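Heads up, the thing below is written out as structure tokens.
The values are calculated or read from the model by the stated rules, or taken from the named source; none is laboratory data. From a predicted model like this one, the values you see are computed outputs, not experimental measurements. All Cβ positions, even for glycine, are placed from backbone atoms using ideal geometry, and neighbour counts span all protein chains on display.
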Amino acid sequence: MSMTELASDSTARGARTRRRDHDGILPWLAAPALVFFVGFAAIPLVGVFVLSFTTWDGIGAIVPSGLDSWRSVLTDPGLPHSLLVTFLVMVVSWAVQTPSSILLGTFLAGYQRYRAVLSVVYFVPLLLSSAAIAIAYKALLDPNFGLGAGLGIGFLSQDWLGRPALAFGLVIFVVSWQFIPFHALIYQGGVRQIPRSLYEAAQLDGAGRVRQFFTITLPQLKYTVITSSTLMVVGSLTFFDLIFVLTAGGPGDATRVLALDMYKRGFQANLMGPASAIAVILVLVGLALALLLRRLGGRDASQSQLEGA
Amino acid sequence: MAASVPLSLALASCGTSGPGASSGATYWFLNGQPQEGIRTGAVDRFNQANPNEKITPTTFQNDAYKTKIKTAIGAGQAPTIIWGWGGGTLRSYVKAGQVEDLTSWFDQNSKIKDRLFPSAFRAATVDGKIYALPCETVQPIIMYYNKKVFDSVGARPPQTWGEVMDLVPKLNAKGIAPFSLGGQSRWTNMMWLEFLFDRIGGPEVFQAVFDGQQDAWSNPAAIDALTKVQDLVRADGFIKGFSSITADSNADQALLYTGKAAMMLHGSWSYGIQQSQGGDFVSSGSLGFMNFPAVDGGKGDPSDTVGNPAQYLSISSKATDEQKKIAKDFFAKGVLDDEEIKQWIGSGGVPAVKGTQDLLAKDKNADFLKFTYDIANNAKVFAQSWDQALSPTAAETLLDNIAKLFQLSITPQQFATNLNAVIGQ
């Protein structure tokens, strides 16, 4: 047995004992999160799954009814419509928010003082509750007593919440107004992590600002884009409070997303079975989207982007 | 062990403060003045007069209450006294065995039954048994109009549907919206259909829906009424952007008292709101009121009305015997006592009690109060609002389709087909 063998053996043993220490602590560190996850996510999920095979009006007894709820939900023409609206909200709000957030985040990543001030100002919408934002916009856009009528600006006196296309556009606008600051913050952090040496090298090679943005900043932000997009896409499945207060799903059912459809069936129409079936569909769609986005980001998320840097 | 003591104490105190506890009865109702103060006042007077019986009130905002009370009853956490609108929602409580049958109590206390409007008991009755005490005020739906607007246009309020349709282009030409409407709230649109169905086909048309007859919505009178409403929408009869307006914000009523709209179909409770928010609009006598116009050749009686025949109090079957006794004592001695009657009248409401004409005539709003009393008293049929009369499931489908009908995104035939599908649910 040579000295080197001994040394390597002892380091290996040291590493093993250290790992055993971690093994002892780690599960306990995860415990609080696990308790909350099981208590507030996993158990209700099982409950909802079971409820989707029953008939219940929320007041009387719960009666098992097999596939009745699923049959009524899946044959209802309202379901494809809600799915379509949900999907449109997801795609359009992603397409609006992502470019604006990246540009704003890149801009705010600079260390100039005025940008620091601006980033605080931009953050304000995120501090307001969705219900408050919805009520404020509703009052501002009232066709008879709102901003347009008050200031005499004809363009603003539209029937904002009364026409399907306008109401949909308004939902996208308010959602973006509320969440762009959050995603800009994520991108700001992402941009600040890019090594300065990359930009210095590019400058030496004569690359301008636009070229630097497209060949360095954007590719380096790949994983930030995936994180932010996952949050946006999965988050848009649960848009409820804002739409509920702003349009109540109207006019007609023009902005009735899946989450709203679930609430209306469950708590307004007293159909807990079909509402639970929609909840299960929501979970499945969310799960599928999250997995898909992870796939898009490549199999190994910890793979280095800095090779050759 | 020491650590677990405070925890169990905390749990125990949760138990006693929540509903279902044995120390006194609980009572949930709606907030918002002036009604909230009148309700709380009745409870306070009862508590003072009966030191051994305590009722603890809790108040909720209207839409939040509708969801909260359902959830609480379903979870076995209902208050002792359940405030509501009767009709289909009460029926769903009865079916689940959640409220007390009060039929024999009313038999023993016939004086209480006899002093209330008989028409108020229909929405409290399920399968021949009474499950709720009618209380508070009778609220018919009324056609309000702005007299100043009519003077400036040189027209008189329409007496028939033909006159309505003639008046619409005249008012629009002057830049005044014929009718104000808070269309996003949906039940506001529903009131139009309630009256048109009745005026065109009589009360039987909706009764057939209520009784669960097959294809009842396809009745020619129903199709005619649905078509007439869409004609009015197409003729710009309602204010521009009505789908963006909610009734909760009272913006629809503001349109009437600011003269931007000439008329508005709304509940009798709107009078008090216009009085408190419309400046001197009501006190200067500019607010006019009448029953819904007749439809030429229609079968319905023009004296018929719709609305809330009363509000309703039920007793939770899950309450303890002591709580039920307190609730019944409150029903007998506290509800609609002389003071409460006086306060409802002062707020512009007509209590659901017989023989208040003298009190009504002395009030500053005597004209309106007499008008409301006469409508309620003379109506051949006082129908309950559809969304309250039907089950919550059918009501949601109804309101949904009404919104689409007013959007012109479905035809009257599609409306009938969609609703025929949920008849009897």
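For the criterion of being at pLDDT 90 or above and either of a type in the set (Ser, Thr, Tyr) or out of contact with any Ser or Thr (no Cβ under 8 Å at 6 or more places or on another chain) (or both), residue A:239 fails. Number of residues in the stretch A:44-74 that are part of a helix (DSSP H, G or I) and under 29 Å from the mean Cα position of the chain (by Cα): the value is 12. Pairing each residue of the stretch B:292-307 that is among the hydroxyl-bearing types (Ser, Thr, Tyr) with any residue that is assigned to a loop (DSSP other than H, G, I, E, B), provided the two are 6+ apart or on different chains, yields C-beta distances under 9 Å for B:303/B:291; B:303/B:379; B:303/B:380; B:303/B:381; B:305/B:291; B:305/B:292; B:305/B:379; B:305/B:381. For the stretch B:368-377, state whether one or more residues are outside any helix (DSSP H, G or I) and either buried (at least 18 other Cβ atoms within 10 Å of the Cβ) or touching a Leu at 6+ places or on another chain (Cβ under 6 Å) (or both). No - not one qualifying residue is present in the stretch B:368-377. When each of A:161, A:128, A:118, A:103 is tested for being over 18 Å from the mean Cα position of the chain (by Cα) and either within 14 Å of chain B (Cβ to nearest Cβ) or more than 27 Å from residue A:214 (Cα to Cα) (or both), the lone residue that passes is A:161. Those helices (runs of 4 or more DSSP H) of the stretch A:106-154 in which 1 or more residues are more than 24 Å from residue B:261 (Cα to Cα) occupy A:113-127, A:130-140.
Each row is one residue, and each column tells you yes or no for (1) exposed (fewer than 12 other Cβ atoms within 10 Å of the Cβ); (2) farther than 13 Å from residue A:273 by Cβ; (3) within 14 Å of chain B (Cβ to nearest Cβ).
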residue: A:48; (1), (2), (3): no, no, no
residue: A:57; (1), (2), (3): no, no, yes
residue: A:62; (1), (2), (3): no, no, yes
residue: A:72; (1), (2), (3): no, no, yes
residue: A:80; (1), (2), (3): yes, yes, no
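Counting the residues of the stretch A:82-96 that are in contact with a Phe, Trp or Tyr (Cβ under 7 Å, 6 or more places away or on another chain) and either within 14 Å of chain B (Cβ to nearest Cβ) or at pLDDT 95 or above (or both) gives 0.
So for the stretch A:145-153 (the condition being buried (at least 19 other Cβ atoms within 10 Å of the Cβ), over 20 Å from residue A:227 (Cα atoms), without any contact (Cβ under 8 Å) to a residue 12 or more places away in the chain and within 14 Å of another protein chain (Cβ to nearest Cβ)), does at least one residue qualify? Looking for residues that are buried (at least 19 other Cβ atoms within 10 Å of the Cβ), over 20 Å from residue A:227 (Cα atoms), without any contact (Cβ under 8 Å) to a residue 12 or more places away in the chain and within 14 Å of another protein chain (Cβ to nearest Cβ), one finds at least one in the stretch A:145-153, hence yes.
Scanning the stretch B:316-335 turns up at least one residue that is within 14 Å of chain A (Cβ to nearest Cβ), crowded, with 21+ Cβ neighbours inside 10 Å and either in contact with a helix residue (DSSP H, G or I) (Cβ under 7 Å, 6 or more places away or on another chain) or of a type outside the set (Phe, Trp, Tyr) (or both). Do we find that residue A:225 is at pLDDT 90 or above and either of a type in the set (A, V, I, L, M, F, W, C) or surrounded by fewer than 18 Cβ atoms within 10 Å (Cβ to Cβ) (or both) in this structure? Considered against the rule, which asks whether it is at pLDDT 90 or above and either of a type in the set (A, V, I, L, M, F, W, C) or surrounded by fewer than 18 Cβ atoms within 10 Å (Cβ to Cβ) (or both), residue A:225 comes out as yes.
A count restricted to the stretch B:150-188 and to residues that are touching a Ser or Thr at 6+ places or on another chain (Cβ under 9 Å), hydrophobic (A, V, I, L, M, F, W, C) and within 30 Å of residue B:344 (Cα to Cα) stands at 2.
What pairs come up if the first residue lies in the stretch B:258-284 and is within 14 Å of another protein chain (Cβ to nearest Cβ) and more than 22 Å from residue B:386 (Cβ to Cβ), the second is surrounded by 19 or more Cβ atoms within 10 Å (Cβ to Cβ) and acidic (Asp, Glu), and their beta carbons are under 9 Å apart, counting only those six or more places apart or on different chains? Listed by first residue and then by second, the contacts come to B:261/B:252. From the list B:112, B:130, B:69, the lone residue that is out of contact with any strand residue (DSSP E or B) (no Cβ under 6 Å at 6 or more places or on another chain) and within 14 Å of another protein chain (Cβ to nearest Cβ) is B:69. All conditions in (1) away from every other protein chain (no Cβ under 14 Å); (2) in contact (Cβ under 8 Å) with a residue 40 or more places away in the chain; (3) within 19 Å of the chain's Cα centre (by Cα) hold for residue B:399, with the sole exception of (1). Inclusion of residue B:326 among residues that are β-branched (Val, Ile, Thr) and under 20 Å from the mean Cα position of the chain (by Cα) is not warranted. A single entry from A:186, A:243 fulfils the requirement of being among the aliphatic types (A, V, I, L, M), crowded, with 20+ Cβ neighbours inside 10 Å and away from chain B (no Cβ under 12 Å): A:243.
The condition (being more than 24 Å from residue B:126 (Cα to Cα) and crowded, with 22+ Cβ neighbours inside 10 Å) is satisfied by just one residue among B:196, B:167, B:232, B:171: B:196. Highlighted here are the strands (runs of 3 or more DSSP E) found entirely within the stretch B:109-210 that include at least 3 residues which are in contact (Cβ under 8 Å) with a residue 12 or more places away in the chain and aliphatic (A, V, I, L, M): B:137-146.
The residues on offer are B:21, B:10, and the sole one that is in a loop (DSSP other than H, G, I, E, B) and modelled with pLDDT under 90 is B:21.
Regarding the stretch B:93-105, can at least one residue be identified that is surrounded by fewer than 23 Cβ atoms within 10 Å (Cβ to Cβ), under 21 Å from the mean Cα position of the chain (by Cα), in a strand (DSSP E or B) and without any contact (Cβ under 8 Å) to a residue 40 or more places away in the chain? So far as the stretch B:93-105 goes, no, none of its residues is surrounded by fewer than 23 Cβ atoms within 10 Å (Cβ to Cβ), under 21 Å from the mean Cα position of the chain (by Cα), in a strand (DSSP E or B) and without any contact (Cβ under 8 Å) to a residue 40 or more places away in the chain. State whether the residues of the stretch B:23-43 include one that is away from chain A (no Cβ under 14 Å), more than 22 Å from the chain's Cα centre (by Cα) and loosely packed, with under 15 Cβ neighbours inside 10 Å. Looking through the stretch B:23-43, at least one residue is away from chain A (no Cβ under 14 Å), more than 22 Å from the chain's Cα centre (by Cα) and loosely packed, with under 15 Cβ neighbours inside 10 Å. The residue list A:254, A:201 contains one member that is among the hydrophobic types (A, V, I, L, M, F, W, C), over 17 Å from the mean Cα position of the chain (by Cα) and within 14 Å of another protein chain (Cβ to nearest Cβ), which is A:254.
Of all residue pairs spaced 6 or more apart or on separate chains, those with beta-carbon atoms under 8 Å, a first member in the stretch B:241-257 that is within 12 Å of residue A:248 (Cβ to Cβ) and more than 7 Å from chain A (Cβ to nearest Cβ) and a second member that is acidic (Asp, Glu) and surrounded by fewer than 20 Cβ atoms within 10 Å (Cβ to Cβ) are B:248/B:63.
Taking residue B:423, is it touching a residue at least 24 places away in the same chain (Cβ under 8 Å), within 14 Å of another protein chain (Cβ to nearest Cβ) and aliphatic (A, V, I, L, M)? So residue B:423 fails the test. A single member of B:97, B:88, B:74, B:84 is touching a Leu at 6+ places or on another chain (Cβ under 9 Å) and within 12 Å of another protein chain (Cβ to nearest Cβ), and it is B:88.
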